[in-house]
Amino acid sequence: GDGCGHTVMYQDSGTLASKNYPGTYPNYTLCEKKIQVPQGKRLILKIGDLDIESQKCESSYLTIQSSSTLHGPYCGNVMPVPKEIILDSNEATIHFESGSHVSGRGFLLSYASSDHPDLITCLERANHYTKAEYSRYCPAGCRDIAGDISGNIGEGYRDTSLLCKSAIHAGVIADELGGQISVTQQKGISHYEGGVANGVPSHDGSLSDKRFIFTSNGCNKSLSLEEGFLSKSQVTASSYWEETNEFGQLFQWSPDKAWLQVPGLAWASNHSSNREWLEIDLGEKKRITGIKTTGSGSLMLNFNFYVKTFTMNYKNNNSKWRTYKGILSNEEKVFQGNSNSGDIVRNNFIPPIVARYVRIIPQTWNQRIALKLELMGCRIMQANSSFTHSMWQKPSQSTETSLGKEDRTVTEPIPSEETNLGLKLTAIIVPVLIVLCLFLFSGICICAALRKREAKGLSYGLSSAQKSGCWKQIKQPFTRHQSTEFTISYNNEKETPQKLDLVTSDMADYQQPLM
């Protein structure tokens, strides 16, 4: 039978394990997988665990075959395997075979391309490292590997936690892709609070000597709070439930109660169908990196309402609604929501959503659709000058093209404040330099004309004198029959538009040079 177990393979990294890992692998089984990375790169493998019941590797063993070399066979549980195997090609075949045995976990290995020499396996924990700060590369496929984590993204994680699994829980990397993580070790705390995030459960943890946190870009602030106060974002819904209790009191489960920071009732729909939705208008386009959800609340003892799964739609001004899709597929992504009405569950958007309007569309629920939420992310620094705009966005050919471009998720860098400042300074300095050059050029021409007039005794106002001066030496590309003024203007957030008249004349018998 198929002896292959957990397998996640992406173009640049992946994870493989034997069937039932870390439980006992089956008798008389075979697993053979071909792995590869892009052309021109070498394959790096790391075996995280090897426990194959065999002493001489006769009937049960693991081999790694590249284009020119056979590595192995490997067996036993003493791990006589190199910590790292660097192959001379970009592909290899993993071959695992088993005979009759009583016990044995089998194997677990990770691989990546030579672009990631700091590759680690899914089984490495933070207490394996002593440095205060370090960076490592996590392979794709570590979310469902057995192993506990304790803590959360806010307070940090207990140092006994699996590194890569914790990074997925924190929303630093996506399980489908893997990625680089940057870790800082700090002094431990007395208690670690767990919770579910991105499909990974984190357990409460006790006192530890050390803990670790992940370095992030800082775009994970609450979008429902502005300077400590509830934002003015508009919340609407397809419908809401009006409940009348046994005493005749009316309770409205309206959409304005959907914010996580608002105590009391949640939003609940009047109907139970997957056509119900909750919409949030953030007031402007923002970068949304995650969402926290909960149900009707632990204080509402009479109700046990919550959303089990949901999808996300988003749009910008005057554009159509778009569905948030998975990283590796073109299909609608279904997010795992709550499993009870009281706990808070977090899901991160990788890549983030850049939009003004978002809709949460429940797919499955318990008893009735009910939801409280909080969006996380940050504002987008937009350049005010047309010069900055042209540097980061190509001019659209039509309104439809422009709307289409602003509606997509982030796949390109967003200019930082430092970049905007540099562009603004450039927009100021360049016109100033042009003005100085023009003044210098005008001064030289005037001096030459005066000297020529003094030398020949001609009147400065004559047409012949002007044509024999500096202007005559410049090729005239066009004829201008009336006076004009050369104007430099720029648009800057802190400066009002400036106008500078460089040349103004009523004379029509000479031509101005082309600048």
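The values are calculated or read from the model by the stated rules, or taken from the named source; none is laboratory data. Bear in mind that the values here come from a model prediction, so they are computed numbers and not experimental data. Reconstructed Cβ throughout: ideal geometry from the backbone, glycine too, with neighbour counts over all protein chains shown. Each accessible area value is taken on the protein alone, full model and side chains, heavy atoms only, with ligands, DNA and RNA left out. Shrake-Rupley method; radii C 1.70, N 1.55, O 1.52, S 1.80 Å.
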Every listed condition ((1) of a type outside the set (F, W, Y); (2) surrounded by 14 or more Cβ atoms within 10 Å (Cβ to Cβ); (3) over 20 Å from T24 (Cβ atoms)) holds for I94 save (3)
Of the residues in region 64-79, those that are among the hydroxyl-bearing types (S, T, Y) and within 22 Å of K41 (Cβ to Cβ) come to S66, S67, S68, T69
With criteria (1) of a type outside the set (S, T, N, Q); (2) open to solvent by less than 40 Å² (accessible area, probe 1.4 Å); (3) closer than 22 Å to Q11 by Cβ; (4) outside any loop (DSSP other than H, G, I, E, B), R136 comes up short on (2)
**Test: I189 is open to solvent by 20 Å² or more (accessible area, probe 1.4 Å), among the β-branched types (V, I, T) and in contact (Cβ under 8 Å) with a residue 24 or more places away in the chain** = yes
Looking across region 240-279 at residues that are assigned to a strand (DSSP E or B) and open to solvent by 20 Å² or more (accessible area, probe 1.4 Å), the single one that is modelled with the lowest pLDDT is T244
If we keep only residues of region 318-346 that are closer than 22 Å to E284 by Cα and in contact (Cβ under 8 Å) with a residue 40 or more places away in the chain, then the residue most open to solvent (accessible area, probe 1.4 Å) is K320
Filter region 199-220 for residues that are among the β-branched types (V, I, T) and in contact with a strand residue (DSSP E or B) (Cβ under 9 Å, 6 or more places away or on another chain); the one that is most open to solvent (accessible area, probe 1.4 Å) is T215
Filter region 1-38 for residues that are small (G, A, S), in contact (Cβ under 8 Å) with a residue 60 or more places away in the chain and surrounded by fewer than 21 Cβ atoms within 10 Å (Cβ to Cβ); the one that is nearest to G104 (Cα to Cα) is G23
When region 92-111 is checked residue by residue, the ones that are hydrophobic (A, V, I, L, M, F, W, C) and either outside any strand (DSSP E or B) or in the same structural domain as S135 (by the TED database) (or both) are V102
Checked G290, G297 against criteria (outside the structural domain of G151 (by the TED database), small (G, A, S), assigned to a strand (DSSP E or B) and out of contact with any Cys (no Cβ under 6 Å at 6 or more places or on another chain)); the one match is G290
- surrounded by fewer than 21 Cβ atoms within 10 Å (Cβ to Cβ), free of Cβ contacts under 8 Å to residues at least 40 places away in the same chain and assigned to a loop (DSSP other than H, G, I, E, B) - does that describe any residue in region 139-146? no
The lone condition I47 fails out of (1) within 21 Å of H169 (Cα to Cα); (2) in contact (Cβ under 8 Å) with a residue 24 or more places away in the chain is (1)
A careful count of residues in region 337-347 that are touching a Ser or Thr at 6+ places or on another chain (Cβ under 6 Å) and in a strand (DSSP E or B) gives 1
Inside region 39-91, the number of residues satisfying the requirement of being in a loop (DSSP other than H, G, I, E, B), more than 24 Å from G147 (Cα to Cα), open to solvent by less than 70 Å² (accessible area, probe 1.4 Å) and not charged (D, E, K, R) is 9
The residue that is farthest from Q252 (Cα to Cα), considering only those in region 300-326 that are hydrophobic (A, V, I, L, M, F, W, C) and in a loop (DSSP other than H, G, I, E, B), is W321
Considering only strands (runs of 3 or more DSSP E) wholly within region 150-237, the ones with at least 1 residues that are within 28 Å of S13 (Cα to Cα) are 156-158, 179-187, 195-197, 200-202, 210-214
Practice problem: Inspect region 340-347 for any residue being under 18 Å from the mean Cα position of the chain (by Cα), modelled with pLDDT of 95 or more and in the same structural domain as A258 (by the TED database) and give the result as yes or no. | Solution: yes
